[in-house]
Amino acid sequence: MEDVVEKEAIDLTMIDEVCAEYKGRKGATIPVLQKVQEHYGYLSSDMIDRIGENLNISSHTLYGVLTFYAQFYTTPRGKYVIRVCRGTACHVKGSGRISEVVKEEFGISNGETTSDIKFTLEEVSCIGACGMAPVIMINDKTYGNLTPEQARSIFKEYAQKQD
Amino acid sequence: MVNVKIDGVDVQVEPNSTILEAAEKAGVHIPILCHDKVLKPFGACRVCLVEVKNNPKLMTACTTPVMDNMEITTKNDKLAKIRKTLIELLLINHPLDCPVCDKGGECTLQDLTYEFGVSQVRFDPKPNDTPVDHTNPFIERDIDRCVLCGRCVRICDEVVNIQAISFQNRGTDTIIGTSFNQPWNCEFCGQCMSVCPVGSLNNRVYLFKNRPWNLQKTESICGLCSCGCSILIDSEDNEVFRIKEDYDLGVNKGLLCVKGRFGFELINNVKREKNSKIKVGEEFKNISIEDAISTASKKLAEIKSKYGSDSIGVVVSSRLTNEEAFLARKLAKDVIGTPYIFSSETDDAMPEGTYADIENADDITVLNIDVTESNPVLGFFIRMTARKNEGGLRVFYPKMTALKRVASEFYTGKPSELLGLINDFADAVEGKSNRCSEAASKLLAANSPVLVFNPYSKADLAVVSRIKKAQPKVKLIPCKLKNNSQGIVDMGCATGADLVDGLGRDKIKALVVLGENIAVNPGYVNLVGVLSKLEFILSTDPYFTETSAISDLYIPVATFAEKSGTFTNFEGRVQTVNPAIDKGLISDFDLLVSLINSLGGKAPDSVDAAQELIRKEISNYSGVDFNGGVVEYPYAVKDVNARYEIVGSGSYELYRCSLRFHSGTFTTWSPDLTKVYKEATIEINPEDAADLNLKDGDLVTVKAGETMKKFYVEIEKYNPRGVVSIPMNYKGTEAILAKGEYQRVELIKHA
């Protein structure tokens, strides 16, 4: 299958710098993956190959590591990551409806990202704020005691943000 | 030693043995699924759980070391119940499609199901339904059948050292796969497949063709390179169905490469010629083998009486057995009386180091050869040792090879720079230079160093002989090309006589070409015109080759799977080849016996009788066991005086590379190997390709002096800038490669 849209080339030289710092050290894999992801937002096949070349580790082994941990992502992540808590308390208070609102507003399900790479939906087990259930987080900001309509207006607000 | 009691049997074992090893010694059977003795203990499947007295928990026999006075129970109702449940749980996801699974009859899971008496599954079966992966021509992958024992991942990591696959995801989503689920793209050695206990990784060349219980196993030696690997030829009704390994057998310890494991269809190929052919005018006509032999002997006798005995030359292929090569020399020297025996082998370098020397080495130098491609199984041993030693592997080669992951020093670069560096290294070993002195001092300080090199390059040989003199401890391993490259030297067929020279002097009027495809050999490339002037050419080959096409009489002969005899590998180890099948074709041995007898000589009437004669006449073979003995040689390398030379002019430096999938022209008859590599391609650095506006698969003309030749482009990120390479011994490459080992060329892109 050929890519119809030619992807914008990403400058991967930052990977070489990160790897140079860790080269020859044991246990470098996870910190390098973390730093690279921190910079690019996710880990692509090309990035993994480049890390592998630099650290002299098979890209297949690296892929095994990164798919093991929930902290690593293989697709670009939205500018705003919406974490909808699906823990017991939030579930009872109707967090399922809030996920549905995200789907209605942005057309994305759990783990998906909008095509403009603005929003990613992530359903999480518990964010430790059961007192304000149902609760969501958008990046580092927490919003609690939500009704679906309140959630919708928050999402709309973010959707209109320009920067 | 440690005393343990297993099921009431007392046994003494080494400290640090596992319970499983102790049980084996005691003759007690413990079932295993994820464990494999070639791999490190893993303990994933829990099938080998045993009870240890005074220990409240059950222990996995494969990972638990024994302690003194341990009392172990391997069989009781509790264990039986647990093992049975384990299998039942595996069978929830494992599809019960045994009737259509190639593994049926030799499947560990099937055997365990039977052994533990699982006759029904208490749980709702939920077999996955993932499409089968057919993306590569050798290994079919059905991940639904996978039980996640991890043997494939571990052998690719621990033994092959390539890490082409890994465990992915987590928990119930775990699968075995590649990075971003790309198609498998590795060396295709098939080691993963050989250890798979279920039908998850299958041999596509064998797929759905037969069932294991129908197959007859013949122990033999692979005939596709000089590694001398023991193989099991599985055959039925004179057809080879697969080549299997035996991890208890042979110098290769069960390891095989893509050629040895998957290339065997060249034995069955329907394009193999069944009839002898004689040239009448411009056409070939079929004749019977009896007529062919009598025509050959009549013609040879006629030419001998007309022009004298030195008007006949005999060309010996490195693929013949020792016995055949011995008879070929007998035919030439004793019966015809000609000094002209030709082969593409030399006696410049003789075997010295063995596989054991590699395993025990503390310092390995690989000089200017991609051993992982030319002799893949030797490459496995080098990688395993380097991994075990965590270093001590030094490689000189224009580009990074598969040794990259384990090499501690890797010197790459343009030949014009690299060759200078190699000279510096040799100088430093001799104490004449300070450049490269760190590497040299490591080699000099080593206790059991090994040097792996290409014995066909005079300039490399010169370096090797200098290093050997300066560091006599170094064991030399010449990477000979073919299965019996060494044997034909030992049988006296490497006389140093030069075919080009011999034919050029117009003395030779007839040639007997035994299995060599001289028409496409770079060493003989200028011959084709001369050959047409000869009065008579007899050629033998399993296939009708380019050489057969220019001969007057062609006789199709047996391959290594159809004949008896011995091969001598690069270690100088003589090993017995056994016929697995019979295609109704004569062997070179029987043909030579007939020719010798009809030309007035007396040939031994059997391979055994020929071996008796070899013992009498070839002194260093006299006391050698022909089934695995190692020949001792008077020297390892001759004093060779040669310098590196880059011939020609142009903007790109060209070197000859080796090719894993093929050892020359013979393996190109395998329809499976040619699926991954069909024609010789030119490898080029991505930036150079971009400069020339070339993409993978484009045609480019290589211009070396006046010679021009088109090749398909293959982009190779490891080739340095300004460097291109073309594989050796490949049809269509001879005209270019004959010019020199290293040359400067121009590349011209096609419109």
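The values are calculated or read from the model by the stated rules, or taken from the named source; none is laboratory data. Owing to the predicted nature of the structure, the values given are computational and were not obtained by experimental measurement. Glycine gets a Cβ as well: all are built from the backbone with ideal geometry, and neighbour counts include every protein chain shown. Ligands, DNA and RNA are stripped out before the accessible areas are found, and what is left, the full protein with its side chains, is counted by its heavy atoms. Shrake-Rupley method; radii C 1.70, N 1.55, O 1.52, S 1.80 Å.
Check residue B:590 against each of (1) surrounded by 14 or more Cβ atoms within 10 Å (Cβ to Cβ); (2) of a type in the set (D, E, K, R); (3) in contact with a helix residue (DSSP H, G or I) (Cβ under 8 Å, 6 or more places away or on another chain) and name the one condition it does not meet.
(3) is the only condition that residue B:590 fails.
What pairs come out if I take residues in the range B:552-566 that are more than 15 Å from residue B:666 (Cβ to Cβ) and surrounded by 23 or more Cβ atoms within 10 Å (Cβ to Cβ) and pair them with residues that are basic (Lys, Arg) and modelled with pLDDT of 95 or more whose C-beta lies under 7 Å away, six or more apart or interchain?
Taking only residues 6 or more apart or on different chains, the pairs are B:554/B:277.
Return only the number of the condition from (1) buried (at least 16 other Cβ atoms within 10 Å of the Cβ); (2) within 14 Å of chain B (Cβ to nearest Cβ); (3) farther than 22 Å from residue B:178 by Cα that residue A:22 does not satisfy.
So the condition that residue A:22 fails would be (2).
Against the condition away from every other protein chain (no Cβ under 12 Å), in a loop (DSSP other than H, G, I, E, B), under 30 Å from residue A:127 (Cβ atoms) and among the polar types (S, T, N, Q), how does residue A:99 come out, does it pass? Working first, answer last.
Working: away from every other protein chain (no Cβ under 12 Å): yes; in a loop (DSSP other than H, G, I, E, B): no; under 30 Å from residue A:127 (Cβ atoms): yes; among the polar types (S, T, N, Q): yes.
Taking the combined requirement at face value, the residue does not satisfy it.
Which residue, of B:263, B:281, is surrounded by fewer than 22 Cβ atoms within 10 Å (Cβ to Cβ) and out of contact with any strand residue (DSSP E or B) (no Cβ under 7 Å at 6 or more places or on another chain)?
Numbers: B:263 fails: surrounded by fewer than 22 Cβ atoms within 10 Å (Cβ to Cβ).
The conditions single out B:281.
Which of the following residues is closer than 24 Å to residue B:750 by Cβ, part of a helix (DSSP H, G or I) and open to solvent by 10 Å² or more (accessible area, probe 1.4 Å): B:683, B:687? So that I can check it myself, show each step before the final result.
Numbers: B:683 fails: part of a helix (DSSP H, G or I).
Only one candidate qualifies: B:687.
When only residues in the range A:41-56 that are open to solvent by 40 Å² or more (accessible area, probe 1.4 Å) and either assigned to a helix (DSSP H, G or I) or more than 8 Å from chain B (Cβ to nearest Cβ) (or both) count, which is farthest from residue A:12 (Cα to Cα)?
So the first thing to find is which residues in the range A:41-56 are open to solvent by 40 Å² or more (accessible area, probe 1.4 Å), and the list is A:46, A:49-50, A:53, A:56.
Narrowing the set further to residues that are either assigned to a helix (DSSP H, G or I) or more than 8 Å from chain B (Cβ to nearest Cβ) (or both) leaves A:46, A:49-50, A:53.
Numbers: A:46: 8, A:49: 11, A:50: 8, A:53: 12 Å.
Among those residues, the one meeting the criterion is A:53.
Restricting attention to the range A:79-88, does a residue exist that is open to solvent by 40 Å² or more (accessible area, probe 1.4 Å), under 15 Å from the mean Cα position of the chain (by Cα) and under 30 Å from residue A:22 (Cα atoms)? Give the steps one after another, and end with the answer.
Looking only at the range A:79-88, we keep the residues that are open to solvent by 40 Å² or more (accessible area, probe 1.4 Å), and these are A:79, A:83, A:86, A:88.
Then drop every residue that is not under 15 Å from the mean Cα position of the chain (by Cα), which leaves A:79, A:83.
Adding the requirement that they be under 30 Å from residue A:22 (Cα atoms) leaves A:79.
Yes - at least one qualifying residue is present in the range A:79-88.
Would you mind stating whether residue B:653 is closer than 24 Å to residue B:455 by Cβ, open to solvent by less than 30 Å² (accessible area, probe 1.4 Å), of a type in the set (Asp, Glu) and out of contact with any helix residue (DSSP H, G or I) (no Cβ under 7 Å at 6 or more places or on another chain)?
Working: closer than 24 Å to residue B:455 by Cβ: yes; open to solvent by less than 30 Å² (accessible area, probe 1.4 Å): yes; of a type in the set (Asp, Glu): yes; out of contact with any helix residue (DSSP H, G or I) (no Cβ under 7 Å at 6 or more places or on another chain): no.
Judged against the criteria, residue B:653 is not a match.
Would you point out which residue out of A:73, A:69 is within 14 Å of another protein chain (Cβ to nearest Cβ) and open to solvent by 80 Å² or more (accessible area, probe 1.4 Å)? Before you say what the answer is, go through the steps one by one.
On the way: A:73 fails: open to solvent by 80 Å² or more (accessible area, probe 1.4 Å).
Just one listed residue meets the conditions, A:69.
Checking the conditions here, which among B:618, B:596 is in contact with a Gly (Cβ under 9 Å, 6 or more places away or on another chain) and either buried (at least 16 other Cβ atoms within 10 Å of the Cβ) or in contact (Cβ under 8 Å) with a residue 40 or more places away in the chain (or both)? So that I can check it myself, show each step before the final result.
Details: B:596 fails: in contact with a Gly (Cβ under 9 Å, 6 or more places away or on another chain).
Going through B:618, B:596 in turn, the sole match is B:618.
Only residues that are of a type in the set (D, E, K, R) and free of Cβ contacts under 8 Å to residues at least 24 places away in the same chain: list them for the range B:423-449, please.
B:424, B:427, B:432, B:435, B:438
How many residues, within the range B:342-357, are buried (at least 24 other Cβ atoms within 10 Å of the Cβ) and of a type in the set (A, V, I, L, M)?
Residues in the range B:342-357 being buried (at least 24 other Cβ atoms within 10 Å of the Cβ) and of a type in the set (A, V, I, L, M): 1 in total.
Please verify whether the range A:126-134 includes one or more residues that are closer than 14 Å to residue A:97 by Cβ and either within 19 Å of the chain's Cα centre (by Cα) or surrounded by 16 or more Cβ atoms within 10 Å (Cβ to Cβ) (or both). First the steps, then the outcome.
Step one: filter the range A:126-134 for residues closer than 14 Å to residue A:97 by Cβ, giving A:133-134.
Still in the running and either within 19 Å of the chain's Cα centre (by Cα) or surrounded by 16 or more Cβ atoms within 10 Å (Cβ to Cβ) (or both): A:133-134.
For the range A:126-134, residues closer than 14 Å to residue A:97 by Cβ and either within 19 Å of the chain's Cα centre (by Cα) or surrounded by 16 or more Cβ atoms within 10 Å (Cβ to Cβ) (or both): present.
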